[in-house]
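Heads up: the structure comes next, in structure tokens.
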Amino acid sequence: MQRVTITLDDDLMAELDRMIEEHGYQNRSEAIRDFARAGMQQAAQDAGKSGGDCVAALVYVYDHAARDLSSRLVNNFHDHHDLSLATLHVHLDNDNCMEITALKGRTADVQHLADHVIAERGVRYGRVVMIPTEAGAKPSGARKKHVHRHT
């Protein structure tokens, strides 16, 4: 391991300490390592340079009455049946449905499918969260200990 010294302003340090407490990290180093991994993963994903395999959750809200949207969405997933593991469908109200689809495969292929689903006319919101599955990769945000808080 390398020892690194950094300088943070008081506001940023207070925010970091708040997040460390909220997420149940044991110490600052553990938290900063996870935050750095998450930032690097996001930067690589944004730049389209994420290689290897991943698992992902694709979440999107759509207008269920939009013309042919349901069949277009189903066709997208049938065309990429090797990536799609399962889908949860939720009726939000009279006009909107939410689906959460678990995906697994090459990162570029998963991103491509997610981009197409989110771009479909009638999809009002969409987001994909990817977690690398390369050997030795630690999923960003993963912690050694999970803390439940009850109010």
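Once all protein chains are placed together, E22 keeps about 100 Å² accessible to a 1.4 angstrom probe.
Heavy atoms only, probe 1.4 Å: what % of the accessible area of the stretch 53-132 goes to carbon and sulfur, would you let me know? Carbon and sulfur together cover 53 percent of it. Only protein heavy atoms count here; under a 1.4 Å probe, D63 has an accessible surface of about 40 Å². Ordered from largest to smallest accessible area (heavy atoms of protein chains, 1.4 Å probe), the residues V59, V123, V110 come out as V59, V123, V110.
Taking a ≥ b ≥ c as the square roots of the Cα gyration tensor eigenvalues, the stretch 1-102 comes out prolate, since a/c reaches at least 1.5 and a/b is larger than b/c. Solvent-accessible surface of protein heavy atoms, probed at 1.4 angstrom with all chains present, puts R18, R72, R3 in the order R3, R18, R72, largest first.
The values are calculated or read from the model by the stated rules, or taken from the named source; none is laboratory data. Note that the coordinates shown come from a computational prediction; the quantities given were computed from them, not determined experimentally. Accessible surface areas use protein heavy atoms only, side chains included; no ligands, DNA or RNA. Shrake-Rupley method; radii C 1.70, N 1.55, O 1.52, S 1.80 Å.
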